[in-house]
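Below is one structure; the comments refer to it alone.
The values are calculated or read from the model by the stated rules, or taken from the named source; none is laboratory data. All figures in this text were calculated on a predicted structure; none of them were measured in a lab. Glycine gets a Cβ as well: all are built from the backbone with ideal geometry, and neighbour counts include every protein chain shown. Areas reflect the complete protein model, heavy atoms only, side chains present, ligands, DNA and RNA absent. Shrake-Rupley method; radii C 1.70, N 1.55, O 1.52, S 1.80 Å.
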Amino acid sequence: MQLIKLINKINKNFVIYGVGQAFNLLSPLLIVPYIISVCNIANFGKVGLSFGLALFLILIVDYAFDIKGTKFVSESRDHIKDIQPKLFTIIYTKMVLLVIAFLILVLLVYTIPLLSKEKPLFLLSFIIVLAQAFNPQWFLQGLEDFKTASIINILSKSLYVIFVFSLIKNTEDYIFVNFYLGLSSLLINIFGIIIIQNKFKFNFQKPIYIEIKSILKTDFFFCISQLFLSLRQLSPLFLVSYLLGFSIAGQYKVVEQIISLFRTFNQVYLKYFFPRLCYKIKHSKSEALIFWKKYVMILLVFVLLFCLLIFVFATPIIAFFNVSNTINSLFKFSLILPLLMVFSLALEQTMFTNNNNKNYIKITIFVTFVNIITLLILAPILQLNGVIISIIAAELFFIFLYFKNSILLKKT
């Protein structure tokens, strides 16, 4: 009877979680064709580059709290009052990191010519990073409060879509695309923090500077690994913009948009099961491994079906984004990546369950360097095809190295 109740709860939570995350996946499909038609493909490439830089800076502010914070909350869910000090310490730590991230942005924008030409765009995009400092999703996922997490997602993305369609009217308005994304997220994230405070009756706490310093010191190298991971994801768009121009970068961004949808789908799916995986592994490694294999296999089936569907309808999909059909072959070729990401992201998850951070950091830094080198070699020769080949090679490296170093997958 209790098992049936648990299964029903998991199914209900998954549906609620899926509805909320669907807005993350669908909102780009609604606004990207509109932005390209109004602002043109070159300006869309600029928007994509500034968004990528914002994601890079977000990792500084997050400082891996979305992984380690979620794990802590999941393991401490039976003692909610013990979580309160951690929540406030993380928020205060994010404020410190936010200042550091802004200083880095200013340094980059005023020293790199490619970015200096678009100062307003990159500076306005920083509000995305500000919004992330108040993002409560890591806390809600640790508690498996998917209802509240979904409400926040739906409200945030709905407000963003409204901003874009009502306020982006001219070519020059491209500088505000990311600003509206950040503004909508900031408003709703603060609303989410207020909900948490009222629900759990958390009291305001002053910052404890010793704890903040301890977190910054303890998790420094783990954060560095996440920055390298982000650098690997940002470098293709940056190098395409620099070597081939913003128009080609816009075409790549459309291809990358579909890949990002799959990456987001894979990540949110895996994050749904991550708290329960952490909980299970504390009690039984063998049961945790069986649990992990089951939900990864289900993910692989779904991704394979979606990839086949997109492959068949590649031409109308490209037309939907208002892009030339010349990238059709490239678009189909890139669909290898979502399938590889199922394995790389799922194996990456197993590195976190046993705090195997040291090997994870080494792998991330090594693969990032390999990826950038292959990009510099292949992009000038093979254009966008070389970019996709280098990314595929990086995913294969990740799969091999994660599998080799995963503690969960090793026999006891």
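Exactly one condition in (1) open to solvent by 40 Å² or more (accessible area, probe 1.4 Å); (2) in contact with a Gly (Cβ under 9 Å, 6 or more places away or on another chain) is not met by Val99; state its number.
In the conditions (1) open to solvent by 40 Å² or more (accessible area, probe 1.4 Å); (2) in contact with a Gly (Cβ under 9 Å, 6 or more places away or on another chain), Val99 misses (2) alone.
Would you say Ile310 is open to solvent by 40 Å² or more (accessible area, probe 1.4 Å), over 20 Å from the mean Cα position of the chain (by Cα) and modelled with pLDDT of 90 or more?
Details: open to solvent by 40 Å² or more (accessible area, probe 1.4 Å): no; over 20 Å from the mean Cα position of the chain (by Cα): yes; modelled with pLDDT of 90 or more: yes.
No: the conditions fail for Ile310.
Right, Val61: in contact with a helix residue (DSSP H, G or I) (Cβ under 8 Å, 6 or more places away or on another chain), in a helix (DSSP H, G or I) and within 23 Å of Leu270 (Cα to Cα) or not?
yes
Can you find a residue that is open to solvent by less than 40 Å² (accessible area, probe 1.4 Å), under 18 Å from Cys223 (Cα atoms), out of contact with any Cys (no Cβ under 8 Å at 6 or more places or on another chain) and not charged (D, E, K, R) anywhere in region 147-163?
No, region 147-163 contains no residue that is open to solvent by less than 40 Å² (accessible area, probe 1.4 Å), under 18 Å from Cys223 (Cα atoms), out of contact with any Cys (no Cβ under 8 Å at 6 or more places or on another chain) and not charged (D, E, K, R).
Considering (1) touching an Asp or Glu at 6+ places or on another chain (Cβ under 9 Å); (2) at pLDDT 85 or above, say which one Asn357 fails and leave the rest.
For Asn357, the exception is condition (2).
May I ask you to say which residue of Pro113, Pro33 is surrounded by fewer than 22 Cβ atoms within 10 Å (Cβ to Cβ), of a type outside the set (Lys, Arg), at pLDDT 80 or above and farther than 30 Å from Ser166 by Cα? Outline the logic, then answer.
Details: Pro33 fails: farther than 30 Å from Ser166 by Cα.
Residue meeting the stated conditions: Pro113.
Name the one entry in Val254, Val240 that is out of contact with any Cys (no Cβ under 9 Å at 6 or more places or on another chain), open to solvent by less than 40 Å² (accessible area, probe 1.4 Å), in a helix (DSSP H, G or I) and closer than 20 Å to Thr368 by Cβ. Before the answer, list the steps.
On the way: Val254 fails: closer than 20 Å to Thr368 by Cβ.
None of the others qualify; the one that does is Val240.
Against the condition open to solvent by 70 Å² or more (accessible area, probe 1.4 Å), more than 27 Å from Phe220 (Cα to Cα), touching a residue at least 24 places away in the same chain (Cβ under 8 Å) and in contact with a Leu (Cβ under 9 Å, 6 or more places away or on another chain), how does Leu330 come out, does it pass? Show your work before the answer.
On the way: open to solvent by 70 Å² or more (accessible area, probe 1.4 Å): no; more than 27 Å from Phe220 (Cα to Cα): yes; touching a residue at least 24 places away in the same chain (Cβ under 8 Å): yes; in contact with a Leu (Cβ under 9 Å, 6 or more places away or on another chain): yes.
So Leu330 fails the test.
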